[in-house]
Amino acid sequence: MSRPRFLADNDLNEQIIRGVIRREQLVEFTRVRDAGLGAAPDSKVLEYAASRGLIVVSHDVNTMPSAAFARLDSNDPMAGLFLARQTAAMNPFIESLILIWVASDAEEWAGQVLFLPI
């Protein structure tokens, strides 16, 4: 069992990442652009995340869910996908990520697509 680790999609508001890390410095947040995947399609982002056990965190509510469900339909692994609309309030989103990190194991989120805040 391990703590959840996150992959910030290219469109994720940077303030969310900073807000989570400011409150919980041990949270691991990798950025898609830092992994050289800034222009990669959703399927590649999900593949990269799955290969490293990272839960994708994204604002892309239009195309990322369909890529995730296609991956699951193909029986490909997925560490999880957390989504929030761009217009959603940031603090509840940050609180949800921290709660997930503190109170759950990464394995609980495998194959899950979840809209935050919870």
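FYI, it's all coordinate maths here, none of it is from the lab. A quick note: this is a predicted structure, and the numbers were derived from the prediction, not measured. Note that we place each Cβ from the backbone using ideal geometry, even for glycine, and neighbour counts take in every protein chain shown.
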Which ones in the stretch 59-98 are of a type in the set (Phe, Trp, Tyr) and either under 13 Å from Glu47 (Cα atoms) or touching a Phe, Trp or Tyr at 6+ places or on another chain (Cβ under 6 Å) (or both)?
Phe69
Residues of the stretch 1-41 that turn out to be touching a residue at least 60 places away in the same chain (Cβ under 8 Å) and assigned to a helix (DSSP H, G or I), as a count:
5
Tell me, yes or no, whether the stretch 13-20 has at least one residue that is under 20 Å from Ile100 (Cβ atoms), acidic (Asp, Glu) and under 11 Å from the mean Cα position of the chain (by Cα).
no
If we scan the stretch 62-82, do we find a residue that is of a type outside the set (A, V, I, L, M), surrounded by 17 or more Cβ atoms within 10 Å (Cβ to Cβ) and in contact with a Gly (Cβ under 8 Å, 6 or more places away or on another chain)?
yes
Conditions (1) under 13 Å from Phe6 (Cα atoms); (2) surrounded by 13 or more Cβ atoms within 10 Å (Cβ to Cβ) -> Leu26 fails only (2)
Report yes if some residue within the stretch 6-24 is over 21 Å from Ala88 (Cα atoms), out of contact with any Phe, Trp or Tyr (no Cβ under 8 Å at 6 or more places or on another chain) and not hydroxyl-bearing (Ser, Thr, Tyr); otherwise report no.
no
Entirely in the stretch 42-118, the helices (runs of 4 or more DSSP H) that have 3 or more residues that are farther than 19 Å from Asn13 by Cα, in contact (Cβ under 8 Å) with a residue 12 or more places away in the chain and of a type in the set (A, V, I, L, M, F, W, C):
64-73
Could you list all residues from the stretch 83-101 that are among the hydrophobic types (A, V, I, L, M, F, W, C) and surrounded by 13 or more Cβ atoms within 10 Å (Cβ to Cβ)?
Leu83, Ala84, Ala88, Met90, Phe93, Ile94, Leu97, Ile98, Leu99, Ile100, Trp101
When residues of the stretch 41-68 are limited to those that are small (Gly, Ala, Ser) and farther than 25 Å from Met90 by Cα, the one nearest to the chain's Cα centre (by Cα)
Ala50
Can you confirm whether the stretch 95-111 contains a residue that is of a type in the set (A, V, I, L, M), touching a Pro at 6+ places or on another chain (Cβ under 9 Å) and closer than 16 Å to Val32 by Cα?
no
When the residues of the stretch 26-40 are narrowed to those that are more than 11 Å from the chain's Cα centre (by Cα) and among the aliphatic types (A, V, I, L, M), which ends up farthest from Ala50 (Cα to Cα)?
Leu26
